[in-house]
Amino acid sequence: MSISNITVFMPSVLTLIGIPGLEAVQCWIGIPFCAMYLIAMVGNTLLLIIIKSERSLHEPMYLFLGMLGATDIVLGTSIVPKMLGIFWFHVPEIYFDSCLLQMGLIHTFECIESGILLAMALDRYVAICYPLRHAAIFTHRLVIQIGTVVTLRAAILVAPSLVLIKFRFQFYHTTIISHSYCEHMAIVKLAAENVQVNKIYGLFVAFTVAGFDLTFITLSYIQIFITVFRLPQKEARLKAFNTCIAHICVFLQLYLLAFFSFFTHRFGAHVPPYIHILFSSLYLLVPPFLNPLVYGAKTKQIRTHVAKMFSS
């Protein structure tokens, strides 16, 4: 592929423009984003403190919830401070290596969050379909092993995309990223060289993670619903169904926003850029914001300990 004369060789600094087309109102958009971030940090930190301090919550479901909270804290912190710096303080510049680091953190913890949601679905499947064997299957050792495997899977899958950008590309059409954070395809589109390998690998990672996890989450809940509707007592059916509602709400909002962002980035040529950037930003902000609220509202043990903490 021929390189045009109007290129930049190995830029050291990139520029994030925020939300294209909404630059004039970005300072106002930053207010709800900041509020969501603060609520996410407080809510997830509170969840972690409660789960750590209460021995009765040292069960697989709550341990996975703690992992989800820690993941959400890192995910939100890796994107919002820089985004608010663009919106409020007009500091759009970011070092190239810092941009790659942000990209790596975002995509790694996205993969980790998806894996934890799968683990939570499997935990509910065993707890409802095989309640007598749940304690023997989901031991603390297995929970630690699942957390380790989920983290390693994310790191192994995301690392090559960083290497492909860092060592394959030398010439760039521009140093301006039409985005509010460093996203894989947003960086790849800057390159003035053949990006086909990067695009294919990005698709491979997306479908490997989302396709695998979503398939097994769906199968788990199909089996759960079949088992629940076979229960003879109405109260037992309602109790079992109620324990799954929070999980269903969380993974639905995560995957719906994720697929919208993914497909508009690659195939949504007619979608206005500001719509795409807003939804891709919300895709990273809404799960950390909603997770502690959803689980706090739907999980009786969490509600009880929160009330106890504030009353004392």
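The values are calculated or read from the model by the stated rules, or taken from the named source; none is laboratory data. The structure presented is a predicted model; accordingly, all values stated were derived computationally and were not measured. As a convention, Cβ positions derive from the backbone with ideal geometry for all residues, glycine included, and neighbour counts pool all protein chains shown. Heads up: the accessible areas ignore ligands, DNA and RNA and are worked out on the full protein's heavy atoms, side chains in. Shrake-Rupley method; radii C 1.70, N 1.55, O 1.52, S 1.80 Å.
All conditions but one from (1) touching a helix residue (DSSP H, G or I) at 6+ places or on another chain (Cβ under 6 Å); (2) free of Cβ contacts under 8 Å to residues at least 40 places away in the same chain apply to residue 131; the one that does not is (1). Only one of the numbered conditions (1) closer than 30 Å to residue 274 by Cβ; (2) within 24 Å of the chain's Cα centre (by Cα) is violated by residue 149, and that is (1).
Residue pairs, Cβ under 9 Å, 6 or more apart or interchain, first in region 294-312 and surrounded by fewer than 10 Cβ atoms within 10 Å (Cβ to Cβ), second of a type in the set (D, E, K, R) and modelled with pLDDT of 75 or more. List them. Matching pairs, first to second residue: none at all.
Selection of region 84-97 for residues being assigned to a helix (DSSP H, G or I) and touching a strand residue (DSSP E or B) at 6+ places or on another chain (Cβ under 8 Å) yields 86, 96.
Where helices (runs of 4 or more DSSP H) sit wholly within region 98-210, those with at least 1 residues that are open to solvent by 10 Å² or more (accessible area, probe 1.4 Å) and touching a Pro at 6+ places or on another chain (Cβ under 9 Å) occupy 134-137, 140-168, 196-206.
Would you confirm whether any residue within region 25-36 is in a helix (DSSP H, G or I), of a type outside the set (Phe, Trp, Tyr) and under 24 Å from residue 309 (Cβ atoms)? Give the derivation first.
Residues of region 25-36 that are in a helix (DSSP H, G or I), as a first pass: 25-36.
Among the residues that remain, those that are also of a type outside the set (Phe, Trp, Tyr) are: 25-27, 29-32, 34-36.
Remaining after also requiring under 24 Å from residue 309 (Cβ atoms): 35-36.
There is at least one residue in region 25-36 that is in a helix (DSSP H, G or I), of a type outside the set (Phe, Trp, Tyr) and under 24 Å from residue 309 (Cβ atoms).
Looking for something farther than 30 Å from residue 126 by Cβ, open to solvent by 10 Å² or more (accessible area, probe 1.4 Å) and assigned to a strand (DSSP E or B) - is there at least one such residue anywhere in region 11-20? Yes, because at least one residue in region 11-20 is farther than 30 Å from residue 126 by Cβ, open to solvent by 10 Å² or more (accessible area, probe 1.4 Å) and assigned to a strand (DSSP E or B).
With respect to (1) open to solvent by less than 50 Å² (accessible area, probe 1.4 Å); (2) part of a helix (DSSP H, G or I); (3) of a type in the set (Val, Ile, Thr), the lone exception for residue 49 is condition (1). If the condition is being in contact with a helix residue (DSSP H, G or I) (Cβ under 7 Å, 6 or more places away or on another chain), modelled with pLDDT of 85 or more and not β-branched (Val, Ile, Thr), then region 211-234 contributes 213, 214, 216, 220, 221, 223.
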